[in-house]
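Structure first, commentary second.
The values are calculated or read from the model by the stated rules, or taken from the named source; none is laboratory data. As the structure is a prediction and not an experimental result, all values here were calculated from the model. All Cβ positions, even for glycine, are placed from backbone atoms using ideal geometry, and neighbour counts span all protein chains on display. Side chains are part of the model used for accessible areas, which takes the heavy atoms of the whole protein and leaves out ligands, DNA and RNA. Shrake-Rupley method; radii C 1.70, N 1.55, O 1.52, S 1.80 Å.
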Amino acid sequence: MINILMIEDDAELAEILGEYLNEYNIKVTNFLRPELGIKALNEKKYDLLILDLSLPDIDGIDVCKMIRKKHSIPIIISSARSYIGDKIACFSYGADDFMPKPYDTQELIYRIKSILR
């Protein structure tokens, strides 16, 4: 089973994605607050991180930067923010992929598998 950490403040979206991905043998553990997600990453091994950019308290770009300083986990950014500067910042701070919301969940599965290959 693939074990994914998600930091997404939209609880409904996280629940829907978690249920869908579970059907494909992908377990998702979501944290609504970035500091809790970072703490979980420091305490447990995950295969991949799905990270939203618009988060409470800490911007997702800053979260990406903090995580990359300590961890080599693959990071997929999942965001409704489409500004090219945000995308460039994410990649420059170590994101592996960027999926603009809304996206097809089937595409997400293939991107996860591609990154983990």
Residue within the range 14-25 that is among the aliphatic types (A, V, I, L, M), touching a Leu at 6+ places or on another chain (Cβ under 6 Å) and either at pLDDT below 95 or not in a loop (DSSP other than H, G, I, E, B) (or both) present: no
Selection count, the range 52-100, where residues are open to solvent by 20 Å² or more (accessible area, probe 1.4 Å), touching a residue at least 40 places away in the same chain (Cβ under 8 Å) and either within 14 Å of the chain's Cα centre (by Cα) or more than 25 Å from A11 (Cβ to Cβ) (or both): 3
Residue in the range 28-46 that is open to solvent by 50 Å² or more (accessible area, probe 1.4 Å) and in contact (Cβ under 8 Å) with a residue 40 or more places away in the chain present: yes
